[in-house]
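Trainee: Right, I'll just put the structure down here and ask away after.
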Amino acid sequence: MSLSFFFDESGHSGDLVKSGIAYDFLDQPFFVLAALGIEDEAALVQKIEAMRGRHRIPAGELKSKSLQNQSAFVAELLSEVLDAELPLFIEVVDKRYFICMNLVNHQLLPPVMGFPEGPQLHFLKSVAVDFLYDEVSDHVLNRFVEACLSPSDDSLMSLFGSLMLFSAGESKMPQNQDIREGVHRMVVEGATEYGEMRKADPSAYLRFLPSPDLNRHSKQVWMLPNLSSFTNIYARINLFRRRKLAGVSLVHDQQLEVEEILRVAKRTAESMKDSGFEAFTPAADYMFHEQASLEFAASHESVGIQAADVIAGTVMRFFRDMQRNPEKIYPGVDRSMRELRKRSDEITAFGLNQVVPRRYML
């Protein structure tokens, strides 16, 4: 029997240059993408119908937003998925953290400077991103967004200048001062490298900025968390399946704005094995020997997508409430989430991948 992974998301998935006021992302600080593996969707329908009856959930499409006051139902759904040992892959992305991660990847430790991939660089990036998340000013983030929107030598140099001034200052927390000084050295080295490169290549600034994608209206979009989340889940499924993807289907909720972007991203991920570049990707395998199919479906026609939607929304609200209002978290949801975290496994890639500051990790 073929295996289908149903994808849906929660949290506005637009590009992160639309950051809201003071980087609050229109009060949606987290993005979550969930993929639920199902061999027999009919069996899932039967279980969900029984749960509907117990919790008096009316007939119709299951939507996470409409179930916000039905915490017992969503907790049971997540618990049922875990008890049935259905393959479940979830990406949780703190959007401010994601911007800081892009800043580190493109200005502080960019690939063009030849840093070797591996655990040491991965750790160094994590420390730098956590530091920026806590201390970087909105002014620096504004310069980064402006450089993405209007890439040029001037906008990149303005960004480097802002980073230089910021990193040369005093840390809010004394224990972070050594990290700040290390970040300052990274900025100086990055700016120096760019200064050398632009002498020979007038467009070298593009190599220090994230590349935009084009939506269906041929409009540029930057730093899409759903794009990186989708490709990473695909690589996690590849690891989980031990590179045996023949007969596997990826069924994503309809995303008219970015469907082609996701298709291109999937093909790009699949071609990485031929590029000669080996990224260090814990709990994921980007060496694709076989390919899964990708299709987009209307959520009202697929209980699998509806279940993924409910799970994604539950996880998004859990992380938002854990950060802001822990007392709001329903005890059953808290238990299910902690069981999910307990069962998450880097060896098989099952469960929860948290792209968040270390202090906010479950």
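Trainee: Based on this model, can you work out whether residue 185 counts as within 17 Å of residue 111 (Cα to Cα), touching a helix residue (DSSP H, G or I) at 6+ places or on another chain (Cβ under 9 Å) and without any contact (Cβ under 8 Å) to a residue 12 or more places away in the chain? Explain how you work it out, then say what you get.
Mentor: Values: within 17 Å of residue 111 (Cα to Cα): yes; touching a helix residue (DSSP H, G or I) at 6+ places or on another chain (Cβ under 9 Å): yes; without any contact (Cβ under 8 Å) to a residue 12 or more places away in the chain: yes.
It is true that residue 185 is within 17 Å of residue 111 (Cα to Cα), touching a helix residue (DSSP H, G or I) at 6+ places or on another chain (Cβ under 9 Å) and without any contact (Cβ under 8 Å) to a residue 12 or more places away in the chain.
Trainee: Just to be sure, is residue 236 surrounded by fewer than 21 Cβ atoms within 10 Å (Cβ to Cβ), out of contact with any helix residue (DSSP H, G or I) (no Cβ under 9 Å at 6 or more places or on another chain) and not in a loop (DSSP other than H, G, I, E, B)? I'd like the intermediate steps shown before the answer.
Mentor: Details: surrounded by fewer than 21 Cβ atoms within 10 Å (Cβ to Cβ): no; out of contact with any helix residue (DSSP H, G or I) (no Cβ under 9 Å at 6 or more places or on another chain): yes; not in a loop (DSSP other than H, G, I, E, B): yes.
No, not satisfied.
Trainee: Can you tell me which residue within the range 140-150, out of those that are farther than 17 Å from residue 195 by Cβ and touching a residue at least 24 places away in the same chain (Cβ under 8 Å), is surrounded by the fewest Cβ atoms within 10 Å (Cβ to Cβ)? Spell out the reasoning first.
Mentor: So the first thing to find is which residues in the range 140-150 are farther than 17 Å from residue 195 by Cβ, and the list is 140-146, 148-150.
Those left that are additionally touching a residue at least 24 places away in the same chain (Cβ under 8 Å): 140-141, 144-145, 148-149.
Values: 140: 22, 141: 21, 144: 29, 145: 22, 148: 24, 149: 13.
Per the stated criteria, the residue is 149.
Trainee: Residues 275, 249, 271: which one is of a type in the set (Gly, Ala, Ser), loosely packed, with under 12 Cβ neighbours inside 10 Å and at pLDDT 90 or above? Give the steps one after another, and end with the answer.
Mentor: Numbers: 275 fails: at pLDDT 90 or above; 249 fails: loosely packed, with under 12 Cβ neighbours inside 10 Å.
That would be 271, the only listed residue that is of a type in the set (Gly, Ala, Ser), loosely packed, with under 12 Cβ neighbours inside 10 Å and at pLDDT 90 or above.
Trainee: OK, next. Which pairs turn up if I take residues in the range 101-117 that are farther than 15 Å from residue 160 by Cβ and in contact (Cβ under 8 Å) with a residue 40 or more places away in the chain and look for partners that are open to solvent by 50 Å² or more (accessible area, probe 1.4 Å) and not acidic (Asp, Glu) with beta carbon separation below 7 Å, at least 6 apart in sequence or on another chain?
Mentor: Going by the 7 Å Cβ cut-off, the qualifying pairs are 117/280.
Trainee: Considering every residue within the range 313-328, establish whether at least one is at pLDDT 95 or above, under 14 Å from residue 9 (Cβ atoms) and polar (S, T, N, Q).
Mentor: So far as the range 313-328 goes, yes, one or more of its residues are at pLDDT 95 or above, under 14 Å from residue 9 (Cβ atoms) and polar (S, T, N, Q).
Trainee: Inside the range 156-215, can you point out the residues that are open to solvent by less than 20 Å² (accessible area, probe 1.4 Å) and touching a Cys at 6+ places or on another chain (Cβ under 8 Å)?
Mentor: If the condition is that a residue be open to solvent by less than 20 Å² (accessible area, probe 1.4 Å) and touching a Cys at 6+ places or on another chain (Cβ under 8 Å), then 209, 210 are the ones that fit.
Trainee: Please enumerate the residues belonging to the range 295-330 that are more than 24 Å from residue 355 (Cα to Cα) and surrounded by fewer than 20 Cβ atoms within 10 Å (Cβ to Cβ).
Mentor: 295, 296, 297, 298, 299, 300, 301
Trainee: While we're on this one: For the subset of the range 59-105 comprising residues that are closer than 17 Å to residue 331 by Cα and not in a helix (DSSP H, G or I), which member is least open to solvent (accessible area, probe 1.4 Å)?
Mentor: 70
Matching residues to (1) closer than 22 Å to residue 256 by Cβ; (2) under 21 Å from the mean Cα position of the chain (by Cα); (3) at pLDDT 95 or above:
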position: 300; (1), (2), (3): yes, no, no
position: 335; (1), (2), (3): no, no, yes
position: 338; (1), (2), (3): no, yes, yes
position: 341; (1), (2), (3): no, yes, yes
position: 355; (1), (2), (3): no, yes, yes
position: 359; (1), (2), (3): no, yes, no
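Trainee: Scan the range 4-44 residue by residue and report those that are of a type in the set (Ser, Thr, Tyr) and either modelled with pLDDT under 70 or over 19 Å from the mean Cα position of the chain (by Cα) (or both). Write out each step before concluding.
Mentor: Filtering the range 4-44 for residues of a type in the set (Ser, Thr, Tyr) gives 4, 10, 13, 19, 23.
Scanning the range 4-44 gives 4, 13, 19.
Trainee: Restricting to the range 123-150, count the residues that are closer than 17 Å to residue 178 by Cβ and either in a loop (DSSP other than H, G, I, E, B) or of a type in the set (A, V, I, L, M, F, W, C) (or both).
Mentor: So the count comes out to 8.
Trainee: Here's a follow-up. Give me a count of the residues in the range 83-100 that are more than 27 Å from residue 138 (Cβ to Cβ) and touching a residue at least 60 places away in the same chain (Cβ under 8 Å).
Mentor: Number satisfying all stated conditions: 4.
Trainee: Something else: Go through the range 151-177 residue by residue and tally those that are at pLDDT 90 or above and assigned to a loop (DSSP other than H, G, I, E, B).
Mentor: Of the residues in the range 151-177, 6 are at pLDDT 90 or above and assigned to a loop (DSSP other than H, G, I, E, B).
The values are calculated or read from the model by the stated rules, or taken from the named source; none is laboratory data. Everything numeric in this text was worked out from a predicted model, so none of it was measured. All Cβ positions, glycine included, derive from the backbone under ideal geometry; neighbour counts span all protein chains shown. What goes into the accessible areas is simple: the full protein's heavy atoms, side chains included, and nothing from ligands, DNA or RNA. Shrake-Rupley method; radii C 1.70, N 1.55, O 1.52, S 1.80 Å.
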